[in-house]
1. For the chain, go through all pairs of different Cα atoms, get the mean of 1/r, take its inverse, and jot down that Kirkwood value in Å.
2. What does the charge add up to near GLU386, with Lys and Arg as +1, Asp and Glu as -1, over the other residues with Cβ less than 12 Å from its Cβ?
3. Which of the helices in the chain meet the span-like rule: DSSP H, Cα axial reach of 15 Å or more, Kyte-Doolittle mean at least -1.0?
4. May I ask you to sort HIS340, HIS110 by Cβ crowding, counting other Cβ atoms within 10 Å and putting the fewest first?
5. Nearest 20 debye, what's the magnitude of the dipole of segment 82-185 about its Cα centre given +1 on Lys and Arg Cβ and -1 on Asp and Glu Cβ?
6. Just the number, please: Stokes-Einstein D of segment 161-241 in µm²/s, Kirkwood Rh from C-alpha pairs, 4 °C, 1.567 mPa s.
7. Dividing the Cα radius of gyration by the Kirkwood radius, what Rg/Rh value follows for segment 208-257?
8. Rounded if a/c is under 1.5, else prolate if a/b is larger than b/c, else oblate: which is segment 350-396, with a ≥ b ≥ c the root eigenvalues of its Cα gyration tensor?
Amino acid sequence: MSRPLAQSILFAAFLLGGCSHAYRSAPVVSASAPASHASEERAKNVILFIGDGMGISTITAARIYAGQKQGLAGEEYVLPFETFDNVALVKTYNTNAQVPDSAGTATAMHSGEKTRIGLLGIGPEAPRGDCRVGEAYHLPLLGEEVKDRGLALGIVSTARITHATPASVFARSVDRNWEADSAIPDDQNGFGCRDIARQLVEADWDVALGGGTAAFFGSERGGRRVAVDDDLPARWSARTGGTYVTDASALAVAPTDRPVLGLFSPSHMTYVAEREEASSEPTLTDMTREAIARLTDNPDGYYLMVESGRIDHGHHDGRAGYALEETVEFARAIQYAIDHTDPAETLILVTADHSHVFTIAGYPRRGNDILGLVVPPDGEREVDGEPYLAKDGVPYTTLSYANGMGSIAGMDVRPMPETGVMARQQATIPLGSETHAGEDVALYAQGPGAHRARGVIEQNLIYNIIRSAFGWE
C-alpha cells in the first residue's frame, strides 16, 4: 500500500472515530453535548457545585485531611462526590490563555462559550475593559434562561456575591473587577455597562447568598458606591418584596414565599480556619440548606450554583490548610445536597473552575500528617519516625507550591518549614500571590443526565450538559 493511500485511510478512520464522541473535538468557543439517550429521564433540578481552585491535587489532599480529622490514616477516605459513577476531565483554558482565570472559566460553564481572561458573559471578540465594544458581544446566561423557563434560581458563594464565579450566573461585564460603580473608569461610563452589584439587584432570581456588602452601599454604610447614600438592597427589596438579611439567624427566619438576599460580610466571608464559634455568618452548608429548602417550593424545579470561593484564596495565600478546611466544608455542603434531594429528579455536578500550582510529594509514609513534615515509611531510614532531610539539611513538607508568597528563592539558609492548618507552605518562585494552574480539573456527576460527564471535555460543555439534563437541547 502506498504511503499517501495509507495516510488517507488513517485520516478517514480518525474522522469516523471522532464522530462517535463529538465533544472530544469541540471548538474553542462552542460545542454540542454528547447525544442523549432517547428514553432518559429529565432533571427537574440541577445543582452545580464549583470548588474555586479545587484541582485534583486539592481533592486528594482534602480527602486525606478529612480522613485524618476523623482519626483515620486518611488515604482510604472517600469524599461524598467521589462516590458518583460519572466522571470527566475538563479542559480549562481561556481563549487567550493557557492558564485561566475564574471569569473566563465560569462564563464557559454558564454561557456555553469560552472567552478571554477577565470577561463575564461577554464573547472573546471584545477587549477587556472596552464597554462600547463589549455591548455587541453579549453571551447567553444560564441564569436568565432558567427564570425565562419558569424555574427557580439560586446563587450561593463564600466569596463576594459579585465575584467572578457567582457573577457569571447573572452578569455581563467586560471587566470582572467592575463589582461596584466606583470601579468603572470614567471614560467607560455612558456606553451601557452596569456594575455587577447593580446587575444583581436588577436581575430575576430567588436566592442569592454570599459576601460583599461594600459593593452595594455608599460610604454612609461603609461601602464604595459613588453615591454616598446608595443602598442597593433597599432598592431591590422595594422592587421585589424580597427580604434582605445580614446574618445566619435572620436567614433562618426569613419568609420562604419571597426572594431572599443575604450579604454576610463586607468582602469575602470568613475562612473556616479563622471562623469563631460565635460567628454570625452562616456556613456554606447552612446556605446550601436554606437555598435548597426555598428553591424546592417551585413546582417547575430549580437551578442552584454553589461556590466554595475561598479554596482559591487559601491557595493564593500559600496556606494549604486554609484551602483544605474550605474543601472539607464544601464536601459537607455536597453531602447535605445528596441527602436532601431526590436522585431521580436532581442532577448534581461537582467541579472546579481551575487548579493551582499545589503539589503532594516527598515519599511520606502512609498516614503521615498531610500538613506536616515528610516522614518516610518505617525501615527506610536508620532512625524510624524522623523526617527526611533535603540536601540543605532541613526537613520539608508533603505539601508545597511552585510559586507564591512562601518562596525560598535566594535564601542562604532555608528556614524550618511551617506545619499545621495555619502554616504557609514553602514555594519556589517568589510572587506576591500563588497562581492558578492549567491542568484539567475533574467533573463528577450524579442524577438524570449524569452519563454525559465522561471522557475529556471542553469546559463550556458543562453548560450543554445542564441544558440537556433539563431537556432544553
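1. For the chain, inverting the mean 1/r across all distinct Cα pairs yields 23.4 Å.
2. Around GLU386, the charge tally is -2.
3. What comes out of the filter, once short or polar helices are dropped, is 3-19, 56-69, 284-295, 320-339.
4. The order, fewest Cβ neighbours first, is HIS340, HIS110.
5. 120 debye
6. Numbers: Rh = 12.8 Å.
It comes out at roughly 101 µm²/s.
7. Numbers: Rg = 11.8 Å, Rh = 11.7 Å.
Rounded to two decimals, Rg over Rh is 1.00.
8. On the way: a/c = 3.72, a/b = 2.01, b/c = 1.85.
Prolate, since a/c reaches 1.5 and a/b exceeds b/c.
Every number here is computed from the coordinates shown, using simple stated rules; none is lab data. Source: prediction; values computed, not measured. Cβ atoms come from the backbone with ideal geometry, glycine included; neighbour counts cover every protein chain shown.
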